[in-house]
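All remarks here apply to the structure that follows.
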Amino acid sequence: MAETRWTPGPWHADREFDICGEDGHVIADCFGKPANARLMAAAPELYEALAKLVPRFERACAHAGSDEEFIAEATATARAALAKARGDG
């Protein structure tokens, strides 16, 4: 898996909906928006899950003879999201 350059998870949202790292230091301010805070707090786990899922998804679909266009589109979208999170291109 590619090296990440962000604060390692887990993250959590505090009572003011700031995003905090495991050590309690504020990483980001969600300006009192609970939905944004929940999504941002889940980001490290979402990234890790997607990064593990993409290669397995490709192999499983290829083995099952699934729709190649769907597989290509889905994995391209997932890989683009992972790259965006890493700050790649």
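The values are calculated or read from the model by the stated rules, or taken from the named source; none is laboratory data. This structure is a prediction, so every number in the text was calculated from the model and none was measured. Note that each Cβ is placed from the backbone with ideal geometry, even for glycine, and that neighbours are counted across all protein chains shown.
Just need a number here: residues in the range 8-41 that are free of Cβ contacts under 8 Å to residues at least 24 places away in the same chain and either hydrophobic (A, V, I, L, M, F, W, C) or closer than 20 Å to Ala81 by Cβ (or both). Steps first, please.
Taking the range 8-41 first, the residues free of Cβ contacts under 8 Å to residues at least 24 places away in the same chain are 14-36, 39.
Restricting the remaining residues to those that are either hydrophobic (A, V, I, L, M, F, W, C) or closer than 20 Å to Ala81 by Cβ (or both) gives 17, 19-20, 26-28, 30-31, 35-36, 39.
The total comes to 11.
When the range 1-39 is filtered for residues that are exposed (fewer than 15 other Cβ atoms within 10 Å of the Cβ), part of a loop (DSSP other than H, G, I, E, B) and within 15 Å of the chain's Cα centre (by Cα), the ones remaining, listed by number, are Met1, Ala2, Glu3, Arg5, Trp6, Pro8, Pro10.
Okay, residues lined up against (1) more than 20 Å from Gly9 (Cβ to Cβ); (2) among the hydrophobic types (A, V, I, L, M, F, W, C); (3) at pLDDT below 85:
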{"site": "Asn36", "(1), (2), (3)": "no, no, no"}
{"site": "Glu45", "(1), (2), (3)": "no, no, no"}
{"site": "Glu48", "(1), (2), (3)": "no, no, no"}
{"site": "Val54", "(1), (2), (3)": "no, yes, no"}
{"site": "Ala62", "(1), (2), (3)": "yes, yes, yes"}
{"site": "Gly65", "(1), (2), (3)": "yes, no, yes"}
{"site": "Glu69", "(1), (2), (3)": "yes, no, yes"}
{"site": "Glu73", "(1), (2), (3)": "yes, no, no"}
{"site": "Thr77", "(1), (2), (3)": "yes, no, no"}
